[in-house]
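The values are calculated or read from the model by the stated rules, or taken from the named source; none is laboratory data. Since the model is a prediction, treat every value here as computed from it, not as a measurement. Backbone-built Cβ (ideal geometry, glycine too); neighbour counts: all protein chains shown.
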Amino acid sequence: MYRADKAAGLFLMLREAHAAPSEGAWTYATINAEGTVTGLGRLDSCIRCHERAPYDGLHGLSRSG
């Protein structure tokens, strides 16, 4: 059973609905546990990992259909 504990920061990826499928289509953001934005834009640390991702900048399973 999962029980929530302390709040943690978040990592977000945003893409315009009509943006071409490419790494350049993504905007990255990070927020801390208090909800303050700590990074926003083309963040180098995010890009380095996601440019190698196999599915339009995303890691994980491919979408079927």
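Test Gly57 against the criterion of being on the phi > 0 side of the Ramachandran plot, modelled with pLDDT under 90 and either under 11 Å from the mean Cα position of the chain (by Cα) or surrounded by 12 or more Cβ atoms within 10 Å (Cβ to Cβ) (or both), and give yes or no. In short, yes.
Residues that are in a loop (DSSP other than H, G, I, E, B), in contact with an Asp or Glu (Cβ under 9 Å, 6 or more places away or on another chain) and among the aliphatic types (A, V, I, L, M) do not occur anywhere in region 14-30. Scanning region 41-65 for residues that are without any contact (Cβ under 8 Å) to a residue 24 or more places away in the chain and touching a Leu at 6+ places or on another chain (Cβ under 9 Å) yields a count of 1. For region 31-65, the set of residues classified as within 21 Å of Ala8 (Cα to Cα) and in a strand (DSSP E or B) consists of Ile31, Val37, Thr38, Gly39, Leu40, Gly41, listed by residue number. Checking each residue in region 11-51 for being exposed (fewer than 10 other Cβ atoms within 10 Å of the Cβ) and of a type in the set (Lys, Arg) picks out only Arg48.
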